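Asker: Would you mind keeping the following structure in view while I ask a few things?
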Amino acid sequence: MKSYFIITFGCQMNEHDSEVLAGMLEAKGFVAADSMEEASIILLNTCCVRETAENKVFSLLGRLRQRKMAHPDLIIGVCGCMPQQKNMASRIARLFSYVDLVFGTHNAHQLPELLDRVANSKKTVQEIWPASRGISEGHPAKRKDSVRAWVTITYGCNNFCTYCIVPFVRGRERSRKQEDIKAEVAELAGEGYKEIVLLGQNVNSYGKDLEGGRDFASLLQCLEGINGLERIRYMTSHPRDFNDGLISTIAGLQKVCEHFHLPVQAGSNRILKKMNRGYTREQYLDLIRKIRSAVPQQSITTDIMVGFPGEDDSDFNDTVDLIKLARFDSAYTFVYNARPGTPAADIKEQVPEAVKKDRIQTLIKLQNQISLEKNREEIGRCQDVLVEGESKKKPGLLYGRSRGNKIVLFPCTRNLRGKIVSVRITESRLAHLSGEMV
Ligand code: SF4
């Protein structure tokens, strides 16, 4: 049996792209292999947001050389954001001549055709489109989960934050038509999916490129009416595009969960400007205040970076101060990493690694303390939990997410997967809550 094995690096967008790649392979008669060792096609869907992600791909390709020598018919493919970078496809060809197929983010839908070309030519096939030629709809997805489903609503990004490689590898923002998204979500609800997660680099700018004034708020209103769907989530938002109209729309919709992931990245106005984020710390804190007053039972999470070029002690103190003021439920913290081709990589005053290390430790310690306090406030409250399954670490306990996107564990011997149950929180930890079903 022709079988495939896809290894995915990076974000939820890539996770979902891999589901679509798997769907296309299955439509072509391939079956999923249980392991890389059993597969006749190995596909690496790559990420280049950080150097570490790229190094993982290079070392895996290195390890695959022996396997390819032993099994010449094995097909090795590399796709996603890495080969979309300037000169990367030729670098892969030079370093790993045994890689059979290389394609980018704009022509992932060509996979079946490209595989035919590999099979017929017995030569390496490289096809990278410099830009998108429009959104390709109608590709089957082999989804990994049966309770929550990823649904892409936009591709690309127009924001050009100075540290970010995404606009260079994912192209300009393109929104899918509202009717295509609605049809996909209705089909998913019909298949029993209770929760969907709308995906985009910046979901708030959905519809800016569409005729007829369709925006993110109108999309949420349109999806709210779909029968069988219980919950709507979305990521990632850009604070600059989170306007009052969207806040009141979300506050008025029952299915849209009260979890807001709003990457702030830094707390210093000087650094926010150098990052080209398009808002000040005051505007960001004001946005948080507005959300908290419009949506009382909400959870707010963020992304924060330390060590952006030129960040001095007072800039960092501004970030620490903002975290204390914002009191996020949790935060993804990152150390700045220079990406070739981004404006920030050319800034002279790069922050020494030792300083970055100190700052990230300080940030993590502070945020963990706040997250613990925020989770402790949940004790005694009842949370609606969408059950995702049995805890692997703690048999006899089921787990799921609250509407605030917090993991909740509770004892139960019945199979309640896909059900929404009410759980009274009795205990809190840094990464999860525990309770009893009511
Ligand atoms: S909003 Fe900024 S950080 Fe996010 S993908 Fe776009 S350019 Fe990158």
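The values are calculated or read from the model by the stated rules, or taken from the named source; none is laboratory data. Predicted, not measured: the structure shown is a model, and the values here were computed from it. Virtual Cβ from ideal backbone geometry, glycine too; neighbours counted across all protein chains shown. What goes into the accessible areas is simple: the full protein's heavy atoms, side chains included, and nothing from ligands, DNA or RNA. Shrake-Rupley method; radii C 1.70, N 1.55, O 1.52, S 1.80 Å.
Asker: Being open to solvent by less than 50 Å² (accessible area, probe 1.4 Å), in contact with a strand residue (DSSP E or B) (Cβ under 6 Å, 6 or more places away or on another chain) and under 16 Å from Leu111 (Cα atoms) is the filter here; which residues of the range 29-52 pass it?
Answerer: Within the range 29-52, Phe30, Ser40, Ile41, Ile42, Leu43, Leu44, Asn45, Thr46 qualify.
Asker: In the range 284-325, how many residues are among the polar types (S, T, N, Q) and under 25 Å from the mean Cα position of the chain (by Cα)? Working first, answer last.
Answerer: Step one: list which residues in the range 284-325 are among the polar types (S, T, N, Q), which gives 293, 297-299, 301-302, 314, 317, 319.
From the residues that got through so far, the ones that are under 25 Å from the mean Cα position of the chain (by Cα) too are 297-299, 301-302, 319.
Adding up the residues that qualify gives 6.
Asker: Across the range 169-180, what is the number of residues that are away from the ligand (no atom under 16 Å from the Cβ) and part of a loop (DSSP other than H, G, I, E, B)?
Answerer: Keep residues of the range 169-180 that are away from the ligand (no atom under 16 Å from the Cβ), which gives 176-180.
Imposing the further condition that a residue be part of a loop (DSSP other than H, G, I, E, B) reduces the set to 176-177.
Result for the range 169-180: 2.
Asker: Counting just the residues of the range 53-69 that are more than 24 Å from the chain's Cα centre (by Cα) and open to solvent by 70 Å² or more (accessible area, probe 1.4 Å), which one comes out farthest from Gln12 (Cα to Cα)?
Answerer: Filtering the range 53-69 for residues that are more than 24 Å from the chain's Cα centre (by Cα) and open to solvent by 70 Å² or more (accessible area, probe 1.4 Å), the one farthest from Gln12 (Cα to Cα) comes out as Met69.
Asker: Test Ala183 against the stated conditions and say whether it is at negative phi, small (Gly, Ala, Ser), surrounded by 21 or more Cβ atoms within 10 Å (Cβ to Cβ) and more than 16 Å from the ligand (Cβ to nearest atom). Write out each step before concluding.
Answerer: On the way: at negative phi: yes; small (Gly, Ala, Ser): yes; surrounded by 21 or more Cβ atoms within 10 Å (Cβ to Cβ): no; more than 16 Å from the ligand (Cβ to nearest atom): yes.
No, not satisfied.
Asker: Same structure, new question: Would you check which residues across the range 218-274 are in contact with a His (Cβ under 9 Å, 6 or more places away or on another chain) and small (Gly, Ala, Ser) and list them?
Answerer: At the first step, the residues of the range 218-274 found to be in contact with a His (Cβ under 9 Å, 6 or more places away or on another chain) are 233-237, 262-263.
Scanning the range 218-274 gives a single hit, Ser237.
Asker: Sticking with this one: Do you know which of the residues in the range 258-277 that are within 16 Å of the ligand (Cβ to nearest atom) and within 18 Å of Ile247 (Cβ to Cβ) is farthest from the chain's Cα centre (by Cα)?
Answerer: Taking the range 258-277 first, the residues within 16 Å of the ligand (Cβ to nearest atom) are 260-266, 271-277.
Then keep just the ones that are within 18 Å of Ile247 (Cβ to Cβ); that gives 260-264.
Values: Phe260: 14, His261: 11, Leu262: 13, Pro263: 12, Val264: 16 Å.
Among residues in the range 258-277 that are within 16 Å of the ligand (Cβ to nearest atom) and within 18 Å of Ile247 (Cβ to Cβ), the one farthest from the chain's Cα centre (by Cα) is Val264.
Asker: Right, another one. Among the residues of the range 130-168, which ones are of a type in the set (A, V, I, L, M, F, W, C), more than 10 Å from the ligand (Cβ to nearest atom) and open to solvent by less than 50 Å² (accessible area, probe 1.4 Å)?
Answerer: Within the range 130-168, Ala141, Val147, Ala149, Val151, Ile153 qualify.
Asker: Of all residues in the range 278-294, which are more than 16 Å from the ligand (Cβ to nearest atom) and open to solvent by less than 10 Å² (accessible area, probe 1.4 Å)?
Answerer: Ile288, Ile291
Asker: Are there any strands (runs of 3 or more DSSP E) wholly within the range 322-438 with 3 or more residues that are open to solvent by 40 Å² or more (accessible area, probe 1.4 Å) and under 30 Å from Cys164 (Cβ atoms), and if so which? If you could, list the steps in order and put the result at the bottom.
Answerer: On the way: elements: 330-335, 382-390, 397-401, 407-411, 420-428, 433-437.
So the answer is 330-335.
Asker: Does Leu229 fit the bill of being within 16 Å of the ligand (Cβ to nearest atom) and not polar (S, T, N, Q)? Lay out the reasoning, then the answer.
Answerer: Values: within 16 Å of the ligand (Cβ to nearest atom): no; not polar (S, T, N, Q): yes.
It is false that Leu229 is within 16 Å of the ligand (Cβ to nearest atom) and not polar (S, T, N, Q).
Asker: For the range 190-223, give me the residue count where each residue is more than 16 Å from the ligand (Cβ to nearest atom), open to solvent by less than 40 Å² (accessible area, probe 1.4 Å) and part of a helix (DSSP H, G or I).
Answerer: As a first pass, look at the range 190-223 and keep what is more than 16 Å from the ligand (Cβ to nearest atom): 190-197, 207, 210-215, 217-223.
With the extra rule that they be open to solvent by less than 40 Å² (accessible area, probe 1.4 Å), the set shrinks to 192-193, 195-197, 207, 217-220, 222-223.
So of that shortlist, the ones also part of a helix (DSSP H, G or I) come out as 217-220, 222-223.
Residues meeting the conditions: 6.
Asker: While we're on this one: What helices (runs of 4 or more DSSP H), lying completely within the range 72-152, carry at least 2 residues that are under 30 Å from Asp180 (Cβ atoms), at pLDDT 95 or above and not assigned by TED's automatic domain parsing to the domain that holds Lys182? Talk me through it step by step, then tell me what you get.
Answerer: Working: elements: 81-84, 88-95, 111-121.
Hits in the range 72-152: 81-84, 111-121.
Asker: Tell me which residues, restricted to the range 258-277, are polar (S, T, N, Q), in a loop (DSSP other than H, G, I, E, B) and either under 20 Å from Lys406 (Cα atoms) or open to solvent by 50 Å² or more (accessible area, probe 1.4 Å) (or both).
Answerer: Restricting attention to the range 258-277, the residues satisfying the condition of being polar (S, T, N, Q) are 265, 268-269, 276.
Narrowing the set further to residues that are in a loop (DSSP other than H, G, I, E, B) leaves 268, 276.
If the condition is that a residue be polar (S, T, N, Q), in a loop (DSSP other than H, G, I, E, B) and either under 20 Å from Lys406 (Cα atoms) or open to solvent by 50 Å² or more (accessible area, probe 1.4 Å) (or both), then Asn276 is the only one that fits.
Asker: Here are the criteria: (1) within 19 Å of Ala331 (Cα to Cα); (2) out of contact with any helix residue (DSSP H, G or I) (no Cβ under 9 Å at 6 or more places or on another chain); (3) assigned to a helix (DSSP H, G or I). Tell me which single one Arg233 does not satisfy.
Answerer: Of the numbered conditions (1) within 19 Å of Ala331 (Cα to Cα); (2) out of contact with any helix residue (DSSP H, G or I) (no Cβ under 9 Å at 6 or more places or on another chain); (3) assigned to a helix (DSSP H, G or I), the odd one out for Arg233 is (3).
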